[in-house]
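A.B. asks: So that we are looking at the same thing, I have put the structure below in structure tokens.
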Amino acid sequence: MHHIASSLISFFLSPFNWIWILLLLSSFIREKTRKKICRVSALLVFLIFSNQWILDWVASRWQPEPVLHSGLKKYSCGIVLGGFGSPDANGNGYFNENGDRFIEAEKMYKLGIIQHILISGGNGKTDDATFREAEWAKNEFKSLGIPDSAIFIEDRSKDTQDNAAYAKKITDSLNFAPPYLLITSAIHMPRAALIFGNAGIPVQPFPCSYTAGRGRFEFSAILPQAFVLTAWDHLLKEMTGYIWYSLAKKKNN
């Protein structure tokens, strides 16, 4: 049921879907003024949400600033949130666009910034229950020379709230000293840090995998680009989730 609700929310948060819904409505509406409003609205949505400059402007204000390794202290554990590995058609794992989470965790372990790595990620995809991201990622870390004794996993979580709940149980049981370094994508960090805070887990955010908001302005960025439309899907979902958990925190207090 949770998966269905999440899919519906994602559908209605997509600017691309707003456009074709407006165009579809315009084809059924007979009254000329309302038909025109629908079509003009679809055009405006396209022009606004296909603009790379607007996306970068919003993303740069939503995402935390990059954190330098030199500015970090020592942490007993780095919590790496899943979502950086995906299964191929044969069920074999591969690194997706969020692979920077894995790279940064490996780098900080070898730099001595984190003493242990906790991989928190099961499989949020209900259509493929065979791939377990955390176990796959553990083997990838081991292949790079990180000892088994330094790696801990939980592979039951399906979302960020599960990540926090299971991570707390593991860090408490192992008596790791807080705060922990939370490693996840920059666009996901505000919501993730909020959820971990709500769960009573002290964390130091380490954002990575920046996909927008860090480039220099170029004139071409103001021209409509179709691929920018889909980039908004994730950003709007993260913002909506952040508002939801913020309200839930106030309600519980």
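A.B. asks: Would you calculate the separation in nanometres between label points at F217 and E65, each defined as 7 Å from the Cα along the Cα-to-beta-carbon direction?
C.D. replies: For F217 paired with E65, the spin-label model returns 2.0 nm.
A.B. asks: Heavy atoms only, probe 1.4 angstrom, no DNA, RNA or ligands counted: give me I183, I21 ranked by accessible area, highest first. Please report the intermediate quantities before stating the final value.
C.D. replies: On the way: I183 0, I21 50 Å².
The residues order as I21, I183, largest area first.
A.B. asks: Still on this structure: With a 1.4 Å probe and every protein chain kept in, tell me what percent of the accessible surface of the chain is carbon plus sulfur.
C.D. replies: Numbers: 8450 of 14130 Å².
So the carbon and sulfur contribution to the accessible surface is 60 percent.
A.B. asks: Sticking with this one: Treating only the Cβ of Lys, Arg, Asp and Glu as charged (+1, +1, -1, -1), what charge dipole size does the chain show about its Cα centre? Round to the nearest 20 debye. List each step's numbers first, then the result.
C.D. replies: Numbers: 27 positive and 22 negative charges, 215 e Å.
I would put it at about 1040 debye.
A.B. asks: Given a 1.4 Å probe and heavy atoms of the protein chains only, how would you sort W232, W136, W18, W244, largest accessible area at the top?
C.D. replies: Values: W232 10, W136 35, W18 75, W244 175 Å².
Descending accessible area places them as W244, W18, W136, W232.
A.B. asks: Give me the extension gain from K74 to A248: residue separation times 0.36 nm, minus the current Cα-Cα distance, reported in nm with one decimal. Working shown, then result.
C.D. replies: Details: separation 174, 0.36 × 174 = 62.64 nm, distance 3.23 nm.
That pair, K74 and A248, stretches by 59.4 nm at full extension.
A.B. asks: Exceeding 31 Å between C-alpha atoms, which entries from my cross-link table qualify? They are K73/K251; K35/K237; K138/K249. Could you put the intermediate results ahead of the total?
C.D. replies: Numbers: K73/K251 34 Å; K35/K237 29 Å; K138/K249 33 Å.
From the list (K73/K251; K35/K237; K138/K249), the Cα-Cα distance tops 31 Å for K73/K251; K138/K249.
A.B. asks: Over the chain, what is the relative contact order in percent, taking alpha-carbon pairs closer than 8 angstrom and at least six residues apart?
C.D. replies: Numbers: 384 pairs, mean separation 65.5, N = 253.
Over the chain, the number comes to 26 percent.
A.B. asks: Also, quick follow-up: Quick one: Cα centre-to-centre distance for segment 59-95 and segment 143-179, in angstrom?
C.D. replies: Centre-to-centre (Cα) distance: 14 Å.
A.B. asks: What's the magnitude of the charge dipole for segment 1-110 around its Cα centre, counting Lys and Arg as +1 and Asp and Glu as -1 at the beta-carbon? Answer in Debye, nearest 20.
C.D. replies: Computed about the Cα centre, the dipole is about 580 debye.
A.B. asks: Quick one: accessible surface of M239, probe radius 1.4 Å, all protein chains present, in square angstrom to the nearest 10.
C.D. replies: The accessible area comes out at roughly 50 Å².
A.B. asks: Let me ask something else about it. Relative to the longest principal Cα axis of the chain, at what angle does helix 52-62 sit, 0 to 90 degrees, rounded to 10?
C.D. replies: Result, in degrees: 40.
A.B. asks: For a paramagnetic label modelled at 7 Å from the Cα of A199 toward its Cβ, which residues of segment 78-108 fall within the zone defined by backbone nitrogen distances under 14 Å?
C.D. replies: Under cut-off, by backbone N: 78-83.
A.B. asks: Using only the heavy atoms of the protein chains and a 1.4 Å probe, how would K249, K73 rank by accessible area, largest first?
C.D. replies: Values: K249 90, K73 115 Å².
Result of the area sort, largest leading: K73, K249.
A.B. asks: May I pose another question? So how tilted is helix 189-198 from the main axis of the chain? Cα-based, degrees 0 to 90, rounded to 10.
C.D. replies: The two axes meet at around 60 degrees.
A.B. asks: Okay, next question. Order these peptides, 160-167, 53-60, by their mean beta-carbon neighbour count within 10 angstrom, highest first.
C.D. replies: Working: 160-167: 22.1, 53-60: 17.2.
Most protected by this proxy first, the peptides run 160-167, 53-60.
The values are calculated or read from the model by the stated rules, or taken from the named source; none is laboratory data. Keep in mind that this is a model prediction, so the values were computed, not measured. With ideal geometry, Cβ positions are generated from the backbone for all residues, glycine too; neighbour counts draw on all protein chains shown. Heavy atoms of the whole protein, side chains included, go into the accessibility calculation; ligands, DNA and RNA do not. Shrake-Rupley method; radii C 1.70, N 1.55, O 1.52, S 1.80 Å.
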